[in-house]
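These notes concern the structure reproduced below.
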Amino acid sequence: MNTTQNDSPLANLVTDAIRFGPAPSRGREVAVIVTTVVLMAAVLAIVQPTIVFTAIACALVVGNFAVRWALGTRKWGSR
């Protein structure tokens, strides 16, 4: 399998993560969710914000991924 610089797995992950809608497949969306949770946990551990800010940030991220998953489920099921 030949991969170019623009076709690398990391580039695909970043593209899927910053995309407004869901990733093209369920597996790629799960990878985006896991990566985002790990990065968010690392940033929150380093910054150590207040519990209120942490709760709000986590709620926003969970809400974003819930909407992405709901839209993706509809799209993934049609293939």
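Of all residues in the stretch 1-37, those satisfying the criterion of being in a helix (DSSP H, G or I), surrounded by 14 or more Cβ atoms within 10 Å (Cβ to Cβ) and either modelled with pLDDT of 95 or more or over 11 Å from the mean Cα position of the chain (by Cα) (or both) are ASN12, ARG26.
Does the stretch 38-72 hold any residues that are in contact with a helix residue (DSSP H, G or I) (Cβ under 8 Å, 6 or more places away or on another chain) and either part of a helix (DSSP H, G or I) or β-branched (Val, Ile, Thr) (or both), and which are they? Within the stretch 38-72, MET40, LEU44, THR54, ALA57, CYS58, VAL61, PHE65, ARG68, TRP69, GLY72 meet the criteria. Here is a list of conditions, (1) over 13 Å from the mean Cα position of the chain (by Cα); (2) among the small types (Gly, Ala, Ser); (3) loosely packed, with under 11 Cβ neighbours inside 10 Å, and ALA55 meets all of them except one; can you say which number that is? Condition not satisfied by ALA55: (3).
Of all residues in the stretch 1-60, those satisfying the criterion of being more than 22 Å from TRP76 (Cα to Cα) and of a type in the set (Val, Ile, Thr) are THR3, THR4, VAL37, VAL38, VAL43, ILE46, VAL47, THR50, ILE51, VAL52, THR54, ILE56.
Looking at the structure I just gave you, is TRP76 touching a helix residue (DSSP H, G or I) at 6+ places or on another chain (Cβ under 6 Å), part of a helix (DSSP H, G or I) and either under 22 Å from VAL14 (Cβ atoms) or hydroxyl-bearing (Ser, Thr, Tyr) (or both)? So TRP76 passes the test.
The C-beta contact set for the stretch 40-55 (first residue free of Cβ contacts under 8 Å to residues at least 60 places away in the same chain, second residue among the polar types (S, T, N, Q), distance under 6 angstrom, 6+ apart or interchain) comprises LEU44/THR54.
The values are calculated or read from the model by the stated rules, or taken from the named source; none is laboratory data. All values derive from a computational prediction rather than experimental measurement. In this analysis, Cβ positions are derived from the backbone assuming ideal geometry, glycine residues included, and neighbour counts consider all displayed protein chains.
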